[in-house]
Structures are given as structure tokens and as C-alpha cells.
Amino acid sequence: MGDLAIQGAKIYYTIPVLGGIPITESLVNTWIIMAVIVGLCAWLTHGMKVHATSKKQIVAEFLVKTAHGFVTGNMGKKFSHFTPFVATLFTLSMLSNLSSLLGAFSPTTDLSTELAWALVVFVLITYHKIKAGGVGGYFKGFAEPIFVLTPFNIISEIATPISMAFRHFGNVASGSVITTLVYAALAALSHIVLGWLPGFLGNIPLFQLGIPAILSIYFDLFSGCLQAYIFTMLTMMYIAAADPEED
């Protein structure tokens, strides 16, 4: 996203701004993915009946039941109302990771995306801690088990969203970097092996066929789904631990 402007010997890259907000490629792709999710939900739930008579309603009910079981199984029935939030977070993260398979810029390779998600989760964690123990109990918890640990407990509290964001971002971004480096190395190897051949034969990307696709299956497909799962699991664990169910 943006335009290139050349002035003298310098090249400037301008980013469109709307209402003071920079419109970056990661932001636009996130909007597109959210629109896809909304459209898919609208399509699956359109014309639903009391008893499922269509395949898409069966699929919709299966997805809802699976998400509900996933949340209640990890957080308890007390947090069953978090099912829409957790399902949305997982779907948005997974589709953002997998968007690179289509050649699009993955929003999760932009740290600001994960930081925004982590801050939302952090607000929910804090809310449930205050809800469980009150404002006084929340601040008193920083001095437990002994007062001298207060600075470390504060740092640990602040580090929660930061660690979640960097863990997700680091794994996704590292996969993209490794794939790019391997692709470039294979291009150089193809040139070394076939560069002596005349004409177009010397430009055949022999070693770039197949191997990058295998790496993409792992880093983009498997790892993308795995990182979405891990981020969602951490979200559920932190929120449930902030306001545990009473025995």
C-alpha cells in the first residue's frame, strides 16, 4: 500500500492516511479477512431452520458445537459466553496466517496486529481479576506472596500481553524469513549449476521447484494453524486463571 515518490537521489514511500490513521497493507488485508469471516457467517446462517435440512446448516451447527466444546472444555462452563470471542480470535488469526498462501501480505507479520489482539486479551484478564477480587484485591495481589516481589509481579503483569504478541509474531515472521532466504539460496544454486548453459537454459530455476512448496506447507499451513491455536489457548488459560471457578 502507498506510493513511491522519487526526489533527487532519494526515494520516499508514502502511506495513505484516513482521518489521521495510516492505511497500511496489514490493515487493509485485516479488513478483507474480517469481511470474509462476516460474509461466511452470514452465508452459513442464512435461512436456518429449527431442524437442519441443508448441508451448510449442518456445517454451521458443527462449527458452533465444536467451538462451544473447545471453550467450555478449557475454561469451564462459567466462561461459555466467551465462545464467540475465542472462535473469532482463532479464525482471524488462522486466516491471517494462511493469507500468505495466496500471495497476500499476512497481517500477522506486522507486530502491531498481535499487539492489538494481546491488549484486548489483557483488558479482559484485568477485568476478570478485578471482578473476582475487587480493585483492592487486584492491587494487593502484586504484593503477594511477599511485598518485596511487587516490582517483579508488576513486570510479570505487563509482560503477559507483550510475550503473547511477540511469541505469535516471532513464529510467523521467522517462517516467512526462512522461506525467503531458502528461496534466494536455491535461486543462487540454480544459477551456479545451470548458469553455464546458453540462452534461457541458464535461467531455469531448477532447485526452486518443489522445495519452497514443501517449506510453505509447514511454515504457512501447519505452523499458521498451530500459532493460531497456541495464541487462542493462552488467551483462554489467562482469562480463566484470572477468575477461577469456585469448587
List the lysines whose alpha-carbon lies under 19 Å from that of K140, not counting same-chain residues fewer than 8 positions away?
K129, K131
Quick one: divide the alpha-carbon radius of gyration of the stretch 52-118 by 2.2 N^0.38 Å and tell me what you get.
1.37
For S96, what is the net charge nearby, where nearby means another residue's Cβ is under 13 Å from its Cβ and Lys, Arg count +1, Asp, Glu -1?
-4
Using the heavy atoms of the protein chains and a 1.4 angstrom probe, tell me the accessible area per residue for the stretch 104-166 in square angstrom.
56
The stretch 65-89 residues near the modelled R167 label - backbone nitrogen below 16 Å, point 7 Å along Cα→Cβ
75
Relative to the present Cα-Cα distance, how much length would full extension add between T72 and A159 at 0.36 nm per residue of separation?
28.7 nm
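The values are calculated or read from the model by the stated rules, or taken from the named source; none is laboratory data. Only a predicted model underlies this, so the values are computations on that prediction, with no experimental measurement involved. Glycine gets a Cβ as well: all are built from the backbone with ideal geometry, and neighbour counts include every protein chain shown. These accessible areas exclude ligands, DNA and RNA; they are computed on the full protein's heavy atoms, side chains included. Shrake-Rupley method; radii C 1.70, N 1.55, O 1.52, S 1.80 Å.
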